[in-house]
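**Q** One structure coming up, written as structure tokens, with questions to follow.
The values are calculated or read from the model by the stated rules, or taken from the named source; none is laboratory data. Values in this document were obtained by computation on a predicted structure and should not be read as measured data. In this analysis, Cβ positions are derived from the backbone assuming ideal geometry, glycine residues included, and neighbour counts consider all displayed protein chains.
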2 protein chains.
Amino acid sequence: MWDIIELLYFAYRDFVGDPDSVLATFGFGRAHHRVLHFVARNPGLKVAELLDILRITKQSLARVLKQLVDEGFVEQREGETDRRQRRLFATPKGEALALRLATQQTRRIRRALAELGPEGHAQARRFLVGMINAGGRDEALHFVDQTTGVPGRR
Amino acid sequence: MWDIIELLYFAYRDFVGDPDSVLATFGFGRAHHRVLHFVARNPGLKVAELLDILRITKQSLARVLKQLVDEGFVEQREGETDRRQRRLFATPKGEALALRLATQQTRRIRRALAELGPEGHAQARRFLVGMINAGGRDEALHFVDQTTGVPGRR
DNA sequence: CGAAATATGTCAACATGGCTGACATAAATG
DNA sequence: CATTTATGTCAGCCATGTTGACATATTTCG
């Protein structure tokens, strides 16, 4: 198992490092990336849901979210049924960036899966799902699968 | 691929979260964990090698390493052939902690792999190796495999 | 041998992105 | 109308990353 522990470390390190240079040109960091990614993937996401995905505090989120909104990557709209809510949407500009960031990571994943044969994707997926806390697994999968707005086909 | 991006995020989040509570009781953070882990796995590691594994600066390393040394989890010994070197070793106390931290993560991994069938370990391993930068892959595998001192059997 | 390269340590200052606690506002709900 | 809910915000702290400059001991090389 020790090999998996270390490989997970190395793999994740390189994986999240992909977007760094692009992010830097916008003055953004990894925190911005995570927010933008999940907003782009889940149009109309509520702030509370985003907090729950990221498991950070309101204040930590506010810092990066404000920048994304101010610079026109994310847009907030009043909830249709509940006007207290600020539903979050990626703007076209935001979606373009999210797509660009994801593209590099996708390339890396595709390359890795290519070495695994036809069942690779399903296998990798099952492994990763199994690594998630049993409790939060359904919730995580909800965000992973039940996506109505993949960036690029809004 | 989007599902893998997100699952990797969730899986890694939970995976690295396992040791947090134990670390907190020692006043340590994740940075200490990483250092202790690689030292325990590679007895006699040179500082330069550790810097290369972690990809952090000398100053960042110094901060956490000093604490680990001061509190008796890691020990520095002069290199036998090159006396400029400070080879790093986990003390018995350090190895015990490393083992304890790894045990939780190992349990999680074992559980995830159990759902994959007999080839699970090899498959997960190949996937993760494929995710590592092609350039640094050999070097990473060097540390993953060529381990002379698994904590617990020193 | 003496100069240069190497391995490591250290100081000061700064950035990012977590955190807590307290408090504010508007809207929904009972 | 009182309470709860969704969100925002202020102030400050902490962990861990960064840069740049410089110090020390030791090895290596011309």
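**Q** Among the aliphatic types (A, V, I, L, M), exposed (fewer than 14 other Cβ atoms within 10 Å of the Cβ) and without any contact (Cβ under 8 Å) to a residue 60 or more places away in the chain: is that true of A:A96 in this structure?
**A** Against the criterion (among the aliphatic types (A, V, I, L, M), exposed (fewer than 14 other Cβ atoms within 10 Å of the Cβ) and without any contact (Cβ under 8 Å) to a residue 60 or more places away in the chain), A:A96 does not qualify.
**Q** Could you say whether any residue in the stretch A:40-54 is farther than 22 Å from A:I132 by Cα and within 11 Å of DNA strand C (Cβ to nearest atom)?
**A** No: the stretch A:40-54 contains no residue that is farther than 22 Å from A:I132 by Cα and within 11 Å of DNA strand C (Cβ to nearest atom).
**Q** Can you pull out the residues in the stretch B:27-39 that are within 11 Å of DNA strand D (Cβ to nearest atom) and over 23 Å from B:G135 (Cα atoms)?
**A** Of everything in the stretch B:27-39, those that are within 11 Å of DNA strand D (Cβ to nearest atom) and over 23 Å from B:G135 (Cα atoms) turn out to be B:G27, B:F28, B:G29, B:R30, B:A31, B:H32, B:H33.
**Q** In the stretch B:21-132, which helices (runs of 4 or more DSSP H) lie fully inside it and hold 2 or more residues that are more than 13 Å from chain A (Cβ to nearest Cβ), over 16 Å from the mean Cα position of the chain (by Cα) and modelled with pLDDT of 95 or more? Lay out the reasoning, then the answer.
**A** Numbers: elements: B:30-41, B:47-54, B:58-70, B:92-114, B:120-131.
Hits in the stretch B:21-132: B:58-70, B:92-114.
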